[in-house]
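Novice: This is the structure I have questions about; it appears just below.
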């Protein structure tokens, strides 16, 4: 089926399979491998991308469902002007280890920062709980996000 | 080769929290993992796995699968007649793909290579297998019953890296046994004032590295190339060469970034099957596991243990007896080493008059078990330390005071013939106790616990490194250590920079590619900073020595390097190559080891809700007794990550089996810790006594907290009134225990 959508500000029209997942489309058709496959069941958040500004698990969304939407992946986020702040905070707090969850984590954080939903440590813990990290123990990520959100 | 180590006062590059060298790539999503890589002409592989726990394969019909458009080939056990298809670094007991029999739910039965993932998936669905059920050895206790069916009838053949002395013949389903004995336990128990005893179980646990096992294999003539997310590329290389009858140098393994390891990617995993499939297809093949597949690729051993501890009326620990059965699943994987390490951890670091430890590695019809961070110690520390606390309770002693009196001190024997204690355990436990406010009053239904243990760390101490000083003054370090999040590239850059008195930003660390990076035994057992780091230090010191030789004086500064190189080479090119090596002292045998004792010291404060059985971890503290922290921030992050995994292991992580079938093979029903499981306070106390064998007195860390935290939580929960002998501490299990205590009249709250 023919669909069109915007990915990182670029308009794309493609013929896709009806059952094709957004994650596979981004990784295999567009070569945007920053979104990672892990749990396949919308638990871990490694495949998170922004669909019209909201964080979505691309492992559980058909690309056809994203037709007409604006998609932002980590590759697009990294080109935005305010990414430097995120990058600096995550680097300063060593808020990453293996880096596999990191792109999804940053996309969720960027969206929720904009929405003002990370205004306290409790809010950070609650609202980021859809993104798992097995390496860091979360402390560094919370510290980085708290810095960005001006918490504490 | 002598390492030139300067005095601490002059150190500018180590002991400093330099930013991670891989931060930019990883934050921008540019870091490449195997799953992100493409190789020309690459096919997609997919595996058909057994739906039953034990059975004979009567027939496999692949004819429909082979006809699906895009399918290049289907591999089964029948394709492996030209090689000896059994591998296993400890015991060669595992076929590359099932031959005649399946021995666990999830075992590889057939593999498809196809042009697209969709064609491969469709072909797997189209393969028809006729199984004849065999009796299932469903759990470890049944496996050791006399007359139990056998999981395998093969004789035990030692693998290339079993490293455990002579293998005894298989006793039924027991493939390996580790014994540790001291004195005469019977006599000690006969005269003890206090004896604490119990039966305990530890569940099967999934490591959940977020990146699943992924391999690309290419076979061209007599050359095999792999892109694999393996922790130990040099050991995998040897096993692949051995399996396919090639010289070691004809097997090349390139390891990009790993998306977590925690032991799950140690030793050989999906590599042999991917090579066999690529060999048949005649084209490169990628196999990327789904989470459910990685759960049956390796896991932590579940375990059953009987333990008793003897003490005097004033709380002096006298003796301990431990009998434990480790469920290694259908194939040994790293089970023998897990069991030996558990055996070493079983007595605990106290001044025993006598002990006996009998730890058995047992085959069952479950998926193979291997390494998971702090293996062995995590299994047994919570049991031993809960008995120490019970001794303290019966003797009316503060558990911290008992440990102050009876813990071993530096230099004391831990295991006959082995390395004496190389850490200040009393100092460590005092620090973590203080961090959870040990002496302050407790709220109702709240308890505090500490735990102390040791983990035999370092594995076999063989590592090498090369440093290249380039003509632009920059340094490249080649070292086989894999970067799986723990940060060796950052730490090694700091070490090399320190030796050469340059900024660590001028050092780049490359690895691992077995064709170009020098040999490093493995990335695990908390060994990289200690052993590979020492090799890096020596390699950098070697360059420094060459520069001094060129200058004819040791009075040179880093500003002189370029001029000295130009003097030596006569033009603006050339490079100085430094070599660093670490080899065992003595025979390097396991009995003489370990390289160092990794400290497993922690404390916890928990609160229990008796209405629901829910346990909340309020505070944790761990001691990162690292000798010398090369990068303190990365040390803290290691302990914090291990603490969260410890909370998961203690409170809710459990692989559930029914008659050999894994029932919870997705993250929907296998829960790992999220942000919301973080304790209110998580403290990592870095202890730097410069008592490690690594560079600047460093020794490894990052695993100990995973053994210490569950034990501290169990002790804290007992302190809150609920002694438990089964993990994980799920609300249901804790609630039932409270009901039992109420019936017994021993519920104190």
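The values are calculated or read from the model by the stated rules, or taken from the named source; none is laboratory data. Here the structure is a predicted model, which means the values were calculated and not measured. No Cβ is skipped: glycine too gets one built from the backbone with ideal geometry, and neighbour counts run over all protein chains shown.
Condition check ((1) at pLDDT 95 or above; (2) farther than 23 Å from residue B:525 by Cα; (3) crowded, with 22+ Cβ neighbours inside 10 Å) across all residues:
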{"site": "B:611", "(1), (2), (3)": "yes, yes, no"}
{"site": "B:615", "(1), (2), (3)": "yes, yes, yes"}
{"site": "B:640", "(1), (2), (3)": "yes, no, yes"}
{"site": "B:651", "(1), (2), (3)": "yes, yes, yes"}
{"site": "B:669", "(1), (2), (3)": "yes, yes, no"}
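Novice: Using the structure shown, decide if residue B:134 is surrounded by 15 or more Cβ atoms within 10 Å (Cβ to Cβ), over 27 Å from residue B:51 (Cβ atoms) and in contact (Cβ under 8 Å) with a residue 24 or more places away in the chain.
Specialist: On the way: surrounded by 15 or more Cβ atoms within 10 Å (Cβ to Cβ): yes; over 27 Å from residue B:51 (Cβ atoms): no; in contact (Cβ under 8 Å) with a residue 24 or more places away in the chain: yes.
No; evaluated as a whole, the condition is false for this residue.
Novice: A follow-up question, please. For the stretch B:450-528, give me every one of the strands (runs of 3 or more DSSP E) that falls completely inside it and has 3 or more residues that are touching a strand residue (DSSP E or B) at 6+ places or on another chain (Cβ under 6 Å) and surrounded by 24 or more Cβ atoms within 10 Å (Cβ to Cβ). Give the steps one after another, and end with the answer.
Specialist: Values: elements: B:463-469, B:475-479, B:507-510.
Per the criteria, B:463-469, B:475-479.
Novice: Further question on the same structure: Does the stretch B:576-587 hold any residues that are within 19 Å of residue B:467 (Cα to Cα) and surrounded by fewer than 16 Cβ atoms within 10 Å (Cβ to Cβ), and which are they?
Specialist: Start the filter on the stretch B:576-587 by keeping residues that are within 19 Å of residue B:467 (Cα to Cα), which leaves B:576-583.
Selection gives B:577, B:579, B:583.
Novice: Ok, one more. Evaluate the following for residue B:236: is it part of a strand (DSSP E or B) and modelled with pLDDT of 95 or more?
Specialist: Working: part of a strand (DSSP E or B): no; modelled with pLDDT of 95 or more: yes.
Spelling it out, it is not the case that residue B:236 is part of a strand (DSSP E or B) and modelled with pLDDT of 95 or more.
Novice: Turning to a different aspect of this structure: Looking at residue B:590 and the list (1) more than 14 Å from chain A (Cβ to nearest Cβ); (2) crowded, with 21+ Cβ neighbours inside 10 Å; (3) under 24 Å from residue B:344 (Cβ atoms), which single condition is not satisfied?
Specialist: (2)
Novice: Among the residues of the stretch B:697-719, which ones are farther than 25 Å from residue B:301 by Cα and surrounded by fewer than 24 Cβ atoms within 10 Å (Cβ to Cβ)? Give the derivation first.
Specialist: Within the stretch B:697-719, the first condition is being farther than 25 Å from residue B:301 by Cα, and the residues that meet it are B:697-699, B:719.
Answer for the stretch B:697-719, where residues must be farther than 25 Å from residue B:301 by Cα and surrounded by fewer than 24 Cβ atoms within 10 Å (Cβ to Cβ): B:697, B:719.
Novice: In the stretch B:605-627, how many residues are in contact with a helix residue (DSSP H, G or I) (Cβ under 8 Å, 6 or more places away or on another chain) and within 14 Å of another protein chain (Cβ to nearest Cβ)?
Specialist: 6
Novice: Looking at B:258, B:277, B:246, B:226 in this structure, which one is in contact (Cβ under 8 Å) with a residue 12 or more places away in the chain, assigned to a loop (DSSP other than H, G, I, E, B) and more than 17 Å from residue B:297 (Cα to Cα)?
Specialist: Details: B:258 fails: more than 17 Å from residue B:297 (Cα to Cα); B:277 fails: assigned to a loop (DSSP other than H, G, I, E, B); B:226 fails: assigned to a loop (DSSP other than H, G, I, E, B).
B:246 is the lone residue from the list that is in contact (Cβ under 8 Å) with a residue 12 or more places away in the chain, assigned to a loop (DSSP other than H, G, I, E, B) and more than 17 Å from residue B:297 (Cα to Cα).
Novice: Within the stretch B:344-359, which residues are crowded, with 24+ Cβ neighbours inside 10 Å and within 30 Å of residue B:135 (Cα to Cα)?
Specialist: B:359 - this is the single residue of the stretch B:344-359 that is crowded, with 24+ Cβ neighbours inside 10 Å and within 30 Å of residue B:135 (Cα to Cα).
Novice: Still on this structure: May I ask you to list the residues in the stretch B:628-646 that are more than 9 Å from chain A (Cβ to nearest Cβ) and part of a helix (DSSP H, G or I)? So that I can check it myself, show each step before the final result.
Specialist: Quick first cut of the stretch B:628-646, residues more than 9 Å from chain A (Cβ to nearest Cβ) only: B:628-630, B:632, B:635, B:646.
Passing the criteria: B:632, B:635, B:646.
Novice: Now for a separate question. Please name all residue pairs, on different chains or six or more residues apart, with Cβ atoms under 9 Å, provided the first residue is in the stretch B:478-494 and is modelled with pLDDT under 95 and the second residue is surrounded by 24 or more Cβ atoms within 10 Å (Cβ to Cβ) and assigned to a helix (DSSP H, G or I).
Specialist: Taking only residues 6 or more apart or on different chains, not a single pair turns up.
Novice: Quick check on this structure: which one of A:112, A:106 is part of a helix (DSSP H, G or I), within 8 Å of chain B (Cβ to nearest Cβ) and either out of contact with any helix residue (DSSP H, G or I) (no Cβ under 6 Å at 6 or more places or on another chain) or closer than 21 Å to residue A:144 by Cβ (or both)? Before the answer, list the steps.
Specialist: On the way: A:112 fails: within 8 Å of chain B (Cβ to nearest Cβ).
One residue alone meets the criteria, A:106.
Novice: Picking from B:530, B:517, which residue would you name as being at pLDDT 95 or above and over 21 Å from the mean Cα position of the chain (by Cα)?
Specialist: Working: B:530 fails: over 21 Å from the mean Cα position of the chain (by Cα).
Residue meeting the stated conditions: B:517.
Novice: Can you confirm whether the stretch B:29-42 contains a residue that is more than 25 Å from residue B:284 (Cβ to Cβ) and either surrounded by 19 or more Cβ atoms within 10 Å (Cβ to Cβ) or at pLDDT 95 or above (or both)? Break it down stepwise before answering.
Specialist: At the first step, the residues of the stretch B:29-42 found to be more than 25 Å from residue B:284 (Cβ to Cβ) are none.
No, the conditions are met nowhere in the stretch B:29-42.
Novice: Quick check on my filter: what residues within the stretch B:323-343 are buried (at least 24 other Cβ atoms within 10 Å of the Cβ), free of Cβ contacts under 8 Å to residues at least 60 places away in the same chain and in a strand (DSSP E or B)?
Specialist: The answer is B:324, and nothing else.
Novice: Just to check your reading of the model, which residue among A:140, A:119 is at pLDDT 95 or above, farther than 19 Å from residue B:671 by Cβ and facing chain B (nearest Cβ under 8 Å)? Show your work before the answer.
Specialist: On the way: A:119 fails: facing chain B (nearest Cβ under 8 Å).
Answer to the check: A:140.
Novice: Here is a follow-up. Please go through the stretch B:85-131 and give me each residue that is surrounded by fewer than 20 Cβ atoms within 10 Å (Cβ to Cβ) and more than 26 Å from residue B:369 (Cα to Cα), ordered by number.
Specialist: Matches in the stretch B:85-131: B:115, B:116, B:117, B:118, B:121, B:122, B:125, B:126, B:128, B:130.
Novice: Name the residues in the stretch B:647-696 that are facing another protein chain (nearest Cβ under 8 Å) and in contact with a strand residue (DSSP E or B) (Cβ under 9 Å, 6 or more places away or on another chain), would you?
Specialist: Result: B:678, B:682.
Novice: Output the residue which, of all residues in the stretch B:407-430 that are in contact with a helix residue (DSSP H, G or I) (Cβ under 7 Å, 6 or more places away or on another chain) and assigned to a helix (DSSP H, G or I), is nearest to residue B:350 (Cα to Cα).
Specialist: B:426
Novice: Have a look at B:200, B:176, B:206 and point out the one that is touching a helix residue (DSSP H, G or I) at 6+ places or on another chain (Cβ under 8 Å), within 14 Å of another protein chain (Cβ to nearest Cβ), modelled with pLDDT of 95 or more and crowded, with 17+ Cβ neighbours inside 10 Å. Write out each step before concluding.
Specialist: Working: B:200 fails: within 14 Å of another protein chain (Cβ to nearest Cβ); B:176 fails: within 14 Å of another protein chain (Cβ to nearest Cβ).
Within the list B:200, B:176, B:206, the selection yields B:206.
Novice: Among the residues of the stretch B:735-747, are any under 27 Å from residue B:338 (Cα atoms) and either under 26 Å from the mean Cα position of the chain (by Cα) or in contact (Cβ under 8 Å) with a residue 40 or more places away in the chain (or both)?
Specialist: Residues of the stretch B:735-747 under 27 Å from residue B:338 (Cα atoms): none.
No, the conditions are met nowhere in the stretch B:735-747.
Novice: Scanning the stretch B:546-559 for residues that are surrounded by fewer than 16 Cβ atoms within 10 Å (Cβ to Cβ) and touching a residue at least 24 places away in the same chain (Cβ under 8 Å), which turns out nearest to the chain's Cα centre (by Cα)?
Specialist: Once the filter is applied, the top-ranked residue is B:558.
Novice: Can you report the number of residues in the stretch A:122-137 which are at the interface with chain B (Cβ under 9 Å from one of its Cβ atoms), outside any loop (DSSP other than H, G, I, E, B) and over 16 Å from the mean Cα position of the chain (by Cα)? Working first, answer last.
Specialist: In the first step, residues of the stretch A:122-137 are kept if they are at the interface with chain B (Cβ under 9 Å from one of its Cβ atoms); the result is A:124-137.
From what's left, outside any loop (DSSP other than H, G, I, E, B): A:124-127.
Next, only the ones that are over 16 Å from the mean Cα position of the chain (by Cα) stay: A:125-126.
Looking only at that region, the number is 2.
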